[in-house]
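Trainee: Below are the structure tokens for one structure; questions will follow.
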Amino acid sequence: MHILAATQFTHAQLDLLFARAEELRNYTTPSQRKELTELHKGRQLCSLFYEPSTRTRLSFEAAAIKLGMGVVSTENAREFSSAAKGETIEDTIRVLDEYKFDIIVLRHHKTGTAAQAAHVSQTPIINAGDGKGEHPTQALLDAYTIYRQFGRLDNLHIVMGGDLANGRTVRSLAQLMSSYPNNRITFISVPELQIGEDIKATLRKNNTPFKETMDASAAFKTADVVYWTRLQKERLTNPAAIPEARFNIEPEILNHLPVHAIIMHPLPRVDEISPLVDSDPRAMYFEQAGNGLYIRMALLDQIITNIL
Amino acid sequence: MHILAATQFTHAQLDLLFARAEELRNYTTPSQRKELTELHKGRQLCSLFYEPSTRTRLSFEAAAIKLGMGVVSTENAREFSSAAKGETIEDTIRVLDEYKFDIIVLRHHKTGTAAQAAHVSQTPIINAGDGKGEHPTQALLDAYTIYRQFGRLDNLHIVMGGDLANGRTVRSLAQLMSSYPNNRITFISVPELQIGEDIKATLRKNNTPFKETMDASAAFKTADVVYWTRLQKERLTNPAAIPEARFNIEPEILNHLPVHAIIMHPLPRVDEISPLVDSDPRAMYFEQAGNGLYIRMALLDQIITNIL
Amino acid sequence: MHILAATQFTHAQLDLLFARAEELRNYTTPSQRKELTELHKGRQLCSLFYEPSTRTRLSFEAAAIKLGMGVVSTENAREFSSAAKGETIEDTIRVLDEYKFDIIVLRHHKTGTAAQAAHVSQTPIINAGDGKGEHPTQALLDAYTIYRQFGRLDNLHIVMGGDLANGRTVRSLAQLMSSYPNNRITFISVPELQIGEDIKATLRKNNTPFKETMDASAAFKTADVVYWTRLQKERLTNPAAIPEARFNIEPEILNHLPVHAIIMHPLPRVDEISPLVDSDPRAMYFEQAGNGLYIRMALLDQIITNIL
């Protein structure tokens with residue numbers, strides 16, 4: 001099965017995926033880790049990255065290697081490959097198909113490329129980000145992080161802040177959470193970076209209550225999950241006009257946050273979360289990144305074993 | 001043994017190589033593929049690419065990994081390596097020799113570099129393309145593709161078109177086919193891109209009849225193999241003067257082609273073969289690329305086992 | 001344990017490391033090499049290179065693979081990674097920590113980065129060079145090469161030439177050798193490229209006699225080790241003023257060198273050692289590079305087994 005969008009997963013599939021991720025993270029001793037490399041020995045993964053993404057690529061490749069798969073990799077296919085000579089993505093994929101990989105992980109700068117690739121591919125394609133389009137494993141690891149903390153994906157108040165207009169992760173997670181009952185979302189952003197109308201339409205359709213505000217402190221008071229993102233200043237028409245401090249999480253604001261809440265961030269972060277926050281037990285962003293390893297292991301495993 | 005040029009192989013060696021490629025392609029089930037990774041476990045391949053070539057590199061590395069070899073890889077040695085500091089290829093190879101790889105796959109932008117490297121190397125070198133020089137595994141996979149289709153490499157009519165002057169693959173294949181009896185070749189190209197006099201001299205010496213023409217339809221009527229290549233317009237002195245359609249294979253011209261014939265192309269293709277041709281059973285170019293995997297597996301295997 | 005500087009090793013640790021390197025180099029037959037890949041199967045190494053260094057990266061990765069470790073690799077993290085978006089090295093390392101590698105090999109353009117990384121890392125960091133700072137495995141392989149030749153690291157006369165001011169390797173080796181008794185060092189360089197006052201202070205403190213001279217022939221007469229380096233002309237204020245031939249080792253000068261002596265060079269070399277010297281049995285620089293493989297294997301092995 002191709003993995004193109006986070007929305008393609010049923011709730012039952014997510015349950016199975018998260019359960020498998022939990023199992024796989026328990027292979028921790030040297031002998032268990034050795035045993036794990038027998039699991040998919042003889043299988044191969046191809047990393048086909050048309051734009052660099054060290055974190056995503058390394059975690060996919062680490063996941064594959066931990067499961068015993070072989071990996072071949074290119075991290076700058078855009079510049080280096082036949083693409084420069086005018087080859088279509090369809091032709092590239094048809095050739096890779098012939099090399100009999102078990103999975104192709106594709107990152108591309110152009111929205112929709114993963115679907116184009118999947119259309120002609122016999123080999124399962126995992127979309128590792130296509131332009132402003134989808135990045136499903138990021139959404140999965142976000143959901144998995146929430147699930148691990150609360151044991152559920154419903155009945156939660158999610159507060160999202162930062163660049164809501166352009167942030168792929170925020171958009172995906174909002175959609176996913178609205179597919180579960182009794183969640184509500186508070187969006188915190190300047191007018192220029194508010195969440196898109198398409199997402200709001202989805203939330204309304206799913207009866208997920210949401211609010212847009214610039215008052216972070218108030219929103220934090222009842223938050224279960226704070227999901228913060230980088231303000232991409234280069235995309236603002238008038239960066240100077242933005243009250244910057246409002247969008248940076250400093251230790252003081254944590255006084256408003258319940259003890260059971262978690263603070264998430266897709267990383268990299270720059271200064272929108274102070275390093276002083278890192279030692280707070282609610283700061284979950286590094287563990288969240290680590291959950292990406294186990295979600296990707298589970299995903300590779302379930303694709304190979306035809307569970308997905 | 002170093003693999004520097006397609007012409008170094010005897011017909012008996014090609015027979016053995018093709019037979020091994022056939023065997024290796026039959027490891028298809030998960031347990032067979034797992035078994036295959038035991039074959040050359042403990043062996044290592046080094047990919048040393050001074051210019052990028054995603055397809056060639058990925059297929060060599062996939063071949064190695066499928067046989068259980070470990071792989072270390074650099075895809076931009078020209079820019080990144082000690083070469084930038086003035087190190088000679090001989091010194092680079094002498095160092096790699098000390099790292100005790102079993103095979104070094106070398107791609108270089110300068111003609112003759114593979115031979116230079118082989119001259120000082122204790123480790124078998126495979127030339128994966130050196131400038132306008134040789135690219136032996138491409139010639140091998142081309143010959144293997146013809147062999148698989150016809151069960152022989154003699155008594156065939158090969159029609160070659162495109163950039164015959166600069167196309168390394170066309171030149172190598174013409175030479176190789178002329179070493180077998182009773183082949184004949186038709187070259188289709190504009191005057192500016194005709195096959196070189198050196199190749200014609202080889203064909204005459206080997207008594208291989210050949211013809212140069214611009215009438216593709218007539219040539220196709222008796223073709224067994226159509227080998228088409230990309231017209232590299234940047235190399236033409238007057239691109240506008242060329243009747244372009246004549247060099248693009250469109251579905252219509254296939255009416256002239258025997259049902260038993262095959263259409264080959266080293267890829268990437270741009271528009272010299274219409275995508276509408278892809279679904280024709282005679283279109284063999286993707287399978288041809290795939291044959292590269294098995295030829296490279298067979299080659300690595302026979303180098304390691306000293307058959308080559 | 002993190003490996004940040006050559007000076008962190010006790011003499012006892014060096015003895016153990018060299019002994020392990022000797023053992024590991026004896027796995028030479030196909031079945032022994034296969035056996036070796038069982039040793040650290042299930043372990044993973046991450047190559048995190050912020051600037052390219054083909055030789056260092058390939059030898060670390062070859063070392064890891066030969067021990068059965070899996071490897072994930074990035075060779076241009078500076079340009080490609082989240083660093084470009086403003087992520088700190090600390091955050092990058094915290095994320096990699098979550099991916100549960102057994103060792104991270106870090107190369108960075110900025111002095112002190114390895115220590116910064118180690119400060120937050122749960123995963124052992126090996127400094128593979130940080131700017132003008134340290135490159136401990138180079139110093140280890142240099143010392144190991146001397147040790148293999150003489151069976152000791154004391155009572156030696158070491159002659160060092162080339163760019164002593166900027167050469168990281170020369171500085172490290174001088175420090176290391178001065179920690180052993182009864183060594184003496186002769187530095188050969190133009191005034192502009194003399195060894196730093198900090199190194200001289202260390203030698204004085206350790207009672208290691210040293211001399212600065214421009215007379216190479218005289219120094220060679222009693223040399224046990226000649227350690228030569230590349231004159232980095234781009235760093236000279238007046239390159240034209242330097243009597244260049246004086247700093248190139250040509251066959252003639254070898255007449256002055258004892259038969260038991262060895263000639264070392266960290267490589268790459270340009271013209272400071274003539275290729276005519278290569279066939280002299282005292283020319284040890286390629287074997288020296290090869291020793292880097294075994295030192296790195298021993299280092300990985302002893303980190304994983306908690307000997308280091």
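Trainee: Give just the number: which of (1) assigned to a loop (DSSP other than H, G, I, E, B); (2) touching a strand residue (DSSP E or B) at 6+ places or on another chain (Cβ under 6 Å); (3) small (Gly, Ala, Ser) does B:GLY42 not satisfy?
Mentor: Among (1) assigned to a loop (DSSP other than H, G, I, E, B); (2) touching a strand residue (DSSP E or B) at 6+ places or on another chain (Cβ under 6 Å); (3) small (Gly, Ala, Ser), the lone unmet condition for B:GLY42 is (2).
Trainee: If you go through region B:247-261 one residue at a time, do you hit one that is modelled with pLDDT under 95 and either part of a loop (DSSP other than H, G, I, E, B) or in contact with a Pro (Cβ under 7 Å, 6 or more places away or on another chain) (or both)?
Mentor: Scanning region B:247-261 turns up at least one residue that is modelled with pLDDT under 95 and either part of a loop (DSSP other than H, G, I, E, B) or in contact with a Pro (Cβ under 7 Å, 6 or more places away or on another chain) (or both).
Trainee: Does B:ASP163 count as under 30 Å from C:ASP271 (Cα atoms) and of a type in the set (Asp, Glu)?
Mentor: Criteria not met by B:ASP163.
Trainee: Quick one: count up the residues across region C:260-273 that are open to solvent by 20 Å² or more (accessible area, probe 1.4 Å) and either more than 14 Å from chain B (Cβ to nearest Cβ) or in contact (Cβ under 8 Å) with a residue 24 or more places away in the chain (or both).
Mentor: The total comes to 3.
Trainee: What's the number of the condition C:LYS211 fails, among (1) under 22 Å from C:THR145 (Cβ atoms); (2) of a type in the set (Lys, Arg); (3) modelled with pLDDT of 95 or more?
Mentor: Of (1) under 22 Å from C:THR145 (Cβ atoms); (2) of a type in the set (Lys, Arg); (3) modelled with pLDDT of 95 or more, only one is false for C:LYS211: (1).
Trainee: Right, next: Can you name every residue in region B:1-37 that is open to solvent by less than 60 Å² (accessible area, probe 1.4 Å), within 29 Å of C:THR28 (Cβ to Cβ) and in a loop (DSSP other than H, G, I, E, B)?
Mentor: B:HIS2, B:LEU4, B:THR37
Trainee: What is the number of the single condition among (1) closer than 21 Å to A:MET69 by Cα; (2) at pLDDT 95 or above that C:THR74 does not meet?
Mentor: Here C:THR74 clears every test but (2).
Trainee: Restricting to region C:107-121, what's the tally of residues that are within 13 Å of another protein chain (Cβ to nearest Cβ) and within 20 Å of the chain's Cα centre (by Cα)?
Mentor: So the answer is 1.
Trainee: Could you check region A:52-160 for strands (runs of 3 or more DSSP E) lying wholly inside it with 3 or more residues that are open to solvent by less than 10 Å² (accessible area, probe 1.4 Å)?
Mentor: Of the strands (runs of 3 or more DSSP E) lying wholly inside region A:52-160, those with at least 3 residues that are open to solvent by less than 10 Å² (accessible area, probe 1.4 Å) span A:103-108, A:125-130.
Trainee: Those residues that are surrounded by 15 or more Cβ atoms within 10 Å (Cβ to Cβ) and touching a residue at least 40 places away in the same chain (Cβ under 8 Å), I need them from region B:210-224; list them, please.
Mentor: Correct list: B:ALA216, B:ALA219, B:PHE220, B:ALA223, B:ASP224.
Trainee: Right, next: Can you tell me which of B:LYS41, B:LYS34 is of a type in the set (Lys, Arg), more than 17 Å from the chain's Cα centre (by Cα) and over 29 Å from C:THR56 (Cα atoms)?
Mentor: Within the list B:LYS41, B:LYS34, the selection yields B:LYS34.
Trainee: A further question follows. Return yes when A:PRO268 is at pLDDT 95 or above and either assigned to a loop (DSSP other than H, G, I, E, B) or under 27 Å from A:LYS132 (Cβ atoms) (or both) and no when it is not.
Mentor: So A:PRO268 does not fit the description; no.
Trainee: With the checklist (1) open to solvent by 10 Å² or more (accessible area, probe 1.4 Å); (2) farther than 16 Å from A:SER47 by Cα in hand, flag the one item A:ALA174 doesn't pass.
Mentor: For A:ALA174, the failing item is (1).
Trainee: What number of residues within region C:32-69 are facing another protein chain (nearest Cβ under 8 Å) and over 22 Å from C:ASN291 (Cα atoms)?
Mentor: Total meeting the criteria: 4.
Trainee: Hey, another quick one. Would you call A:LEU141 under 30 Å from C:GLU98 (Cβ atoms) and not assigned by TED's automatic domain parsing to the domain that holds A:ARG20?
Mentor: Considered against the rule, which asks whether it is under 30 Å from C:GLU98 (Cβ atoms) and not assigned by TED's automatic domain parsing to the domain that holds A:ARG20, A:LEU141 comes out as yes.
Trainee: Please go through region C:274-288 and give me each residue that is at the interface with chain B (Cβ under 10 Å from one of its Cβ atoms) and open to solvent by less than 10 Å² (accessible area, probe 1.4 Å), ordered by number.
Mentor: Answer for region C:274-288, where residues must be at the interface with chain B (Cβ under 10 Å from one of its Cβ atoms) and open to solvent by less than 10 Å² (accessible area, probe 1.4 Å): C:TYR285, C:GLN288.
Trainee: Tell me yes or no: at least one residue of region B:212-231 is touching a Phe, Trp or Tyr at 6+ places or on another chain (Cβ under 6 Å) and within 14 Å of chain A (Cβ to nearest Cβ).
Mentor: yes
Trainee: Among the candidates A:THR123, A:THR137, single out the residue that is β-branched (Val, Ile, Thr) and in contact with an Asp or Glu (Cβ under 7 Å, 6 or more places away or on another chain).
Mentor: A:THR123 is the lone residue from the list that is β-branched (Val, Ile, Thr) and in contact with an Asp or Glu (Cβ under 7 Å, 6 or more places away or on another chain).
Trainee: Given the criteria closer than 24 Å to C:GLU98 by Cα, more than 15 Å from the chain's Cα centre (by Cα) and touching a residue at least 60 places away in the same chain (Cβ under 8 Å), does A:ARG148 qualify?
Mentor: The answer is yes for A:ARG148.
Trainee: Give A:ASP102, A:ASP91 a once-over and let me know the one that is of a type in the set (Asp, Glu) and within 8 Å of another protein chain (Cβ to nearest Cβ).
Mentor: A:ASP91
Trainee: State which residue pairs qualify: first residue of a type in the set (Lys, Arg) and inside region A:9-38, second residue modelled with pLDDT of 95 or more and not in a helix (DSSP H, G or I) in any location, beta carbons under 6 Å apart, and separation of 6 or more residues or different chains.
Mentor: A:ARG33/A:TYR27; A:ARG33/C:GLY42; A:LYS34/C:LYS41; A:LYS34/C:GLY42
Trainee: Of all residues being of a type in the set (Ser, Thr, Tyr) and part of a loop (DSSP other than H, G, I, E, B) in region A:184-209, which is surrounded by the most Cβ atoms within 10 Å (Cβ to Cβ)? Just the residue, please.
Mentor: Per the stated criteria, the residue is A:SER189.
Trainee: Scan region B:271-308 for residues that are part of a loop (DSSP other than H, G, I, E, B) and within 30 Å of B:GLN44 (Cα to Cα) and jot them down.
Mentor: Within region B:271-308, B:THR305, B:ASN306, B:ILE307, B:LEU308 qualify.
The values are calculated or read from the model by the stated rules, or taken from the named source; none is laboratory data. Here the structure is a predicted model, which means the values were calculated and not measured. Cβ sites come from the backbone with ideal geometry, for glycine too, and all protein chains shown count toward neighbours. Side chains are part of the model used for accessible areas, which takes the heavy atoms of the whole protein and leaves out ligands, DNA and RNA. Shrake-Rupley method; radii C 1.70, N 1.55, O 1.52, S 1.80 Å.
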